[in-house]
Amino acid sequence: MKKIIVAGAGHGGIAAAYNLAKKGYDVTVYDRVQKEEDLGHEWQDFFHKDALTDSGFPACEVGMVHRVPISFYGPDKDVPPIGQTVKDDEFEMHMYRKDLYAHILKYSKEAGVKFVFGCSIKKPLMLGNRVVGFETSDGEKVIGDLVIDACGINSPLRTQLPSYLGVQNKFLRGETIFVYRAYYNRLKKFPEIPNDYHVYFLNDGKDGMGWIVTNEDSVDVLIGKPSPFTKEEALSELERYDEFAPHRGKKVLLGGGIYEIPVRQPLAIMVADGYAAVGDSAAMTVPIVGSGIANTLKAGKMLADAVLADKNGEYSASTLYNYEAAYYKQLGSSLAMVDLIKILLQNLTLEDLRLFFASGVVTSEDLSFNSNEASLSTIFANIKPSDVVDRFKKVGKNKALFKKVLTLIKNIAILRRIMLTMPKKYNEKSLAAFADRYNKFFASLVK
Ligand SMILES: Cc1cc2nc3c(=O)[nH]c(=O)nc-3n(C[C@H](O)[C@H](O)[C@H](O)COP(=O)(O)OP(=O)(O)OC[C@H]3O[C@@H](n4cnc5c(N)ncnc54)[C@H](O)[C@@H]3O)c2cc1C
């Protein structure tokens with residue numbers, strides 16, 4: 001029987017493992033954590049309610065909430081925030097990451113997936129052009145017919161694959177965000193402050209953002225920046241948020257570390273002979289918000305479908321490319337487009353942000369997308385043709401910003417043309433040519 005090995009217990013790797021094991025495949029997941037309870041972060045995350053069922057897992061009864069509207073705050077305190085409007089029937093999961101892991105592990109183990117913990121993966125093992133396994137830090141060689149790379153953003157496999165495979169090893173500056181996240185105790189002397197979700201753009205686009213989420217008994221804070229920063233720097237930046245969050249106590253209840261999230265276009269090439277990347281390793285988050293749980297779960301199911309369709313068990317770049325093509329068709333192309341908006345945001349100065357917040361260039365409807373439907377068409381769907389002229393006039397008051405918006409429009413057109421050159425079926429040369437265009441285009445934007 002063919003042996004499938006999953007490197008890292010990332011969510012998409014587990015979704016692929018579960019769907020394959022259900023069909024009788026021999027699948028083993030390897031992770032560096034010492035025991036399954038150590039998997040996942042400590043905090044709660046939002047993701048679309050259908051992600052579990054779309055990826056083949058049974059639905060989860062715990063954690064379903066009406067989507068929490070976000071209020072976006074600009075740099076000026078006297079300008080009111082722009083609040084999202086949320087439809088009555090919009091629900092999402094708000095789950096502790098460990099509960100999510102408990103849910104998907106329970107069903108995966110029942111389906112026959114094997115888990116090996118305490119296994120630190122060091123590097124990929126190659127036989128000719130084929131990825132055949134990985135070596136662990138203990139020098140053990142783990143060999144399989146297919147290696148699924150679910151090791152996250154700094155995967156020791158993706159980052160060390162030979163360049164001739166065409167899989168991009170390194171993510172560039174601006175393509176990832178470093179975040180400090182912690183849950184603090186909530187001071188009881190401010191009972192009037194409602195439970196709410198606030199996102200702040202106090203700095204210019206190059207210097208990041210922050211959020212304060214007020215829960216019943218805790219205050220969840222996040223500071224995000226495009227370059228690495230220390231915990232001390234995070235704590236000093238956090239003081240700037242004190243005036244918005246007087247109810248934040250000083251005791252850290254959960255988290256308190258610095259983490260890195262990919263916020264970029266998906267990998268141009270995510271497969272090779274014997275290898276497929278999924279999740280953060282393949283950069284599958286929604287670039288403007290960094291949400292990746294739903295996309296990676298769904299991608300895991302798409303990967304399993306491509307493996308099941310490969311009746312001869314070749315697991316070659318050619319057969320695995322059906323997974324990549326399906327991912328791009330359903331999600332990846334839209335996400336790459338959305339990355340252009342993130343690039344615009346990163347280029348905004350304080351003056352640009354002030355105009356955005358104060359002048360009505362951006363409205364509540366524009367910001368009311370959810371992470372499951374973040375595409376340019378949903379983001380722009382609310383702009384009526386009659387609005388366009390009015391908004392251009394407002395933006396036109398700031399020449400530099402006007403130029404940035406025109407650049408965004410030009411880049412959308414360029415990317416559309418590049419995406420048309422992505423092969424529908426595997427062809428080594430055409431795929432390499434597409435990847436070259438796509439990677440050079442994005443590299444030129446984040447320079
Ligand atoms: C602060 C923060 C908040 C977030 N909030 C949200 C949210 O609200 N909603 C949302 O959808 N997404 C959110 N995300 C993003 C989300 O966590 C990821 O996009 C998603 O988990 C997909 O990542 P993954 O499963 O591919 O990788 P990961 O979650 O990083 O999992 C990788 C796994 O590989 C293992 N591993 C790594 N290296 C090795 C090695 N060398 N050897 C063995 N094992 C290894 C790790 O132990 C880990 O178990 C957030 C991320 C962060 C950091």
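Coordinate-derived values only; no laboratory data. No experiment lies behind these values; they were computed from the predicted model shown. A quick note on method: Cβ atoms are made from the backbone with ideal geometry, for glycine too, and the neighbour counts reach across all protein chains shown.
Annotations for the structure displayed:
- Meets criteria (over 23 Å from the mean Cα position of the chain (by Cα), in contact (Cβ under 8 Å) with a residue 12 or more places away in the chain and either assigned to a strand (DSSP E or B) or closer than 22 Å to residue 288 by Cβ (or both)) for residue 79: yes
- Breaking point among (1) more than 9 Å from the ligand (Cβ to nearest atom); (2) out of contact with any strand residue (DSSP E or B) (no Cβ under 9 Å at 6 or more places or on another chain), for residue 254: (2)
- The strands (runs of 3 or more DSSP E) found entirely in the stretch 1-72 that carry 1 or more residues being in contact with a Phe, Trp or Tyr (Cβ under 9 Å, 6 or more places away or on another chain) and more than 9 Å from the ligand (Cβ to nearest atom) are 3-7, 26-30, 64-66.
- Any chance residue 311 is more than 12 Å from the ligand (Cβ to nearest atom), free of Cβ contacts under 8 Å to residues at least 40 places away in the same chain, surrounded by fewer than 23 Cβ atoms within 10 Å (Cβ to Cβ) and not in a helix (DSSP H, G or I): yes
- Looking across the stretch 281-295, the residues that are outside any helix (DSSP H, G or I) and within 6 Å of the ligand (Cβ to nearest atom) come down to 285, 290, 291, 292.
- Residue within the stretch 69-86 that is more than 21 Å from residue 220 (Cβ to Cβ), aliphatic (A, V, I, L, M) and in contact with a Gly (Cβ under 9 Å, 6 or more places away or on another chain) present: no
- Filtered by the rule that a residue be charged (D, E, K, R), surrounded by 15 or more Cβ atoms within 10 Å (Cβ to Cβ) and more than 23 Å from the chain's Cα centre (by Cα), the stretch 174-224 gives a lone residue, 186.
- Residues of the stretch 126-173 satisfying the condition of being aliphatic (A, V, I, L, M), within 27 Å of residue 430 (Cβ to Cβ) and either within 16 Å of the ligand (Cβ to nearest atom) or surrounded by 22 or more Cβ atoms within 10 Å (Cβ to Cβ) (or both): 131, 146, 147, 148, 157, 161, 167
- For the stretch 51-106, the tally of residues that are closer than 30 Å to residue 23 by Cα and of a type in the set (A, V, I, L, M) stands at 11.
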